[in-house]
1. Hey, fewest Cβ within 10 Å first, where do 126, 94 land in order?
2. Relative contact order, percent, of the chain when contacts are C-alpha pairs under 8 Å separated by at least 6 residues?
3. State the antiparallel share, in %, of DSSP beta bridges confined to the chain, rounding to the nearest 5.
4. Using the count of nearby Cβ atoms within 10 Å as a rough guide to exposure, how do 10, 39, 181 rank from fewest to most?
5. What does the highest-first list of 169-180, 41-52, 143-154 look like by mean Cβ count within 10 Å?
6. Which shape class applies to segment 100-141: rounded if a/c is under 1.5, otherwise prolate when a/b exceeds b/c and oblate if not, where a ≥ b ≥ c are the square roots of the Cα gyration tensor eigenvalues?
7. Over its Cα atoms, what ratio of radius of gyration to 2.2 N^0.38 Å does segment 23-92 give?
8. By its C-alpha gyration tensor, with a ≥ b ≥ c as the square roots of the eigenvalues, how is the chain shaped: rounded for a/c under 1.5, else prolate for a/b larger than b/c, else oblate?
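A short reminder: the numbers here are calculations on the coordinates, not readings from a lab. The structure presented is a predicted model; accordingly, all values stated were derived computationally and were not measured. Backbone-built Cβ (ideal geometry, glycine too); neighbour counts: all protein chains shown.
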């Protein structure tokens with residue numbers, strides 16, 4: 001029997017073993033993050049939404065990954081220091097994992113199985129921009145790039161997946177978070 005998403009073993013960025021079950025009953029925004037990406041400033045927006053909505057039950061969960069342009073080359077300690085030093089991140093950060101391809105972490109296997117396609121901004125400019133650099137998804141269900149977001153409802157089920165260019169303050173994502181917080 002496959003464990004639920006909430007039961008999959010994880011490690012916090014400091015090496016502490018945990019699972020997402022620590023956030024049972026909360027709304028979780030799981031994001032694959034990177035420190036050296038053009039989208040890295042989204043850390044500030046993720047922290048802002050966490051600050052604003054944490055008391056209502058939102059948890060932002062950061063999962064560093066290095067599959068996209070090797071934009072997360074650091075160690076867990078270096079990543080943690082970067083996040084707290086540069087963006088004052090207080091939301092939960094987890095150890096660096098593989099989110100695409102060989103060695104893909106079971107959490108991302110489960111997230112993608114539950115929500116195979118990401119909602120994209122109108123027009124899909126981000127995908128086209130990546131293609132212009134010769135970057136394409138090998139499989140349609142693959143994570144497109146850093147800062148793709150999965151929204152997990154209070155019941156532990158994936159209720160949305162958002163492309164990297166849909167920022168935390170984007171009205172579509174904000175509305176989805178509000179719907180889940182109200183559920």
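1. Going from least to most buried by this count: 126, 94.
2. Here the relative contact order equals 28 percent.
3. 55
4. In increasing order of surrounding Cβ atoms, one gets 181, 39, 10.
5. The packing order, highest mean first, is 143-154, 41-52, 169-180.
6. oblate
7. Normalised Cα radius of gyration, segment 23-92: 1.10.
8. Judged from the Cα gyration tensor, the chain comes out rounded (a/c under 1.5).
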